[in-house]
Structure formats: structure tokens, C-alpha cells
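Some notes on the structure that comes next.
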Amino acid sequence: MHQGFPPLAAVPFLLLFLPGCSGWLRAEGGFTTSTTLAQGRQGGSLGLEAALGDRDLPLAFDVAIRGKVTEGAGDGTLFLGALHLHNPDPVGFYLLGGTNFLQLGSADGAFSFGMFSPVAEVGMVVGFAAKRKNGIPVSAPGMLTLGTRIEYDLRFTSQPHEGFWTVNLGYAVGAAPR
């Protein structure tokens, strides 16, 4: 068994539980559709996201890997932005804004490439306290999220730019700001 530092992927998870940090690690999925409601442009969306910020501020740096698949279009994206998280005590809200920094996929049967596509999301957060045994936390605090996202795909290939609307449900572990 390897002894030493934890894998690099565990570092953001560990940082979330330091006393001065806030943020979340979230998995989300939902329904997506083109804003034109064109035939063949409805499907699913999945994402993994990490946000990290100062415990005394409601803002956090956010990075996500997301994908959407419809009959006529699909892509994978790297999102960079900011998260505003209101303390879910037990219900709060969040705002997320930024850009799909990089997009690779297909649209209308051909390769598509895009960058700097604007994204905004708003949603509700329901918080769950960490479980404790003899005063010691045995689970991380959890948050259930329900949100809606709008994005405008800027493509640098022959396909036209296109807007997408997504409704998603997610589960996050982490710490809300004070």
C-alpha cells in the first residue's frame, strides 16, 4: 500500500473542511433543451463541480466539468466562474455565473468547438447537518440543490451559436459561508 500524500483529486475535498473555507463538491444532472425548442434538441445534462472560498464571504471560485447530450447536439465543457452561496439554514439559495471556458462536441452531425460561452444559474439549496457520534462528525454536511441554468454556446465552427436551458437536481457536500 502506498504511503504518502493523498491523491491530488482529494485536495479540494480536504480544503472544504478547514475552518476558514467554504464551498462544495457537487454532482448534478437534469433535463436540457435548446432555447429555440427545435426538434431533436432536448436531452440530458450531467456535471461535477467544485467551489472553494473564504468562510466569511458568500463568494467562491467555481470550476465544473459538464456535458449535455441531445439527438442533434452534445458537448463536454470546462466551466470557470463564481458561486454565491447563501447559508442553507435549512433552506437557502445560490447564484452561479461564469463561462464555459472550453467546449468540445458535435452539432448537426459535425464537430463543434467553442470557448467563452456565458453561463448563469440560480437555484435553491436545502442543507443537511453533519451526523455526529459522541460529538465527532462521521459524515460531511450535505446540500440538495434544485436549479435552472441558461447558457449561450458560442461556436467557432460552421454551426450557429445556440442557447440552452437546463433544469437540474444535485447533491453537494461542503461547508456554507457563515
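If we scan the range 61-79, do we find a residue that is under 17 Å from Arg41 (Cβ atoms) and loosely packed, with under 14 Cβ neighbours inside 10 Å?
Taking every residue of the range 61-79 in turn, at least one turns out to be under 17 Å from Arg41 (Cβ atoms) and loosely packed, with under 14 Cβ neighbours inside 10 Å.
Tell me, which strands (runs of 3 or more DSSP E) wholly within the range 1-119 include 3 or more residues that are under 12 Å from the mean Cα position of the chain (by Cα), closer than 30 Å to Pro160 by Cβ and modelled with pLDDT of 95 or more?
Numbers: elements: 21-34, 42-54, 59-70, 73-85, 91-107, 110-114.
Answer list for the range 1-119: 21-34, 42-54, 59-70, 73-85, 91-107.
Looking only at residues in the range 149-170 that are within 12 Å of Thr33 (Cβ to Cβ) and open to solvent by 50 Å² or more (accessible area, probe 1.4 Å), which one is farthest from the chain's Cα centre (by Cα)? Working first, answer last.
To start, the set of residues in the range 149-170 that are within 12 Å of Thr33 (Cβ to Cβ) comprises 149-151, 162-167.
From what's left, open to solvent by 50 Å² or more (accessible area, probe 1.4 Å): 150, 165, 167.
Values: Ile150: 13, Trp165: 14, Val167: 12 Å.
Out of the qualifying residues, it is Trp165.
Could you tell me how many of the residues in the range 38-56 are aliphatic (A, V, I, L, M) and more than 21 Å from Leu96 (Cβ to Cβ)?
Applying the first criterion (aliphatic (A, V, I, L, M)) to the range 38-56 yields 38, 46, 48, 50-52.
Still in the list and also more than 21 Å from Leu96 (Cβ to Cβ): 38.
Qualifying residue count, the range 38-56: 1.
I'm trying to understand the selection: among the residues of the range 80-108, which are of a type in the set (A, V, I, L, M), within 22 Å of Val126 (Cβ to Cβ) and open to solvent by 60 Å² or more (accessible area, probe 1.4 Å)?
If the condition is that a residue be of a type in the set (A, V, I, L, M), within 22 Å of Val126 (Cβ to Cβ) and open to solvent by 60 Å² or more (accessible area, probe 1.4 Å), then Val91, Leu95 are the ones that fit.
How many residues does the range 109-119 contain that are open to solvent by 40 Å² or more (accessible area, probe 1.4 Å) and in contact with a Leu (Cβ under 7 Å, 6 or more places away or on another chain)?
Residues meeting the conditions: 3.
The values are calculated or read from the model by the stated rules, or taken from the named source; none is laboratory data. All values reported here derive from a predicted model rather than from experimental measurement. A quick note on method: Cβ atoms are made from the backbone with ideal geometry, for glycine too, and the neighbour counts reach across all protein chains shown. Areas reflect the complete protein model, heavy atoms only, side chains present, ligands, DNA and RNA absent. Shrake-Rupley method; radii C 1.70, N 1.55, O 1.52, S 1.80 Å.
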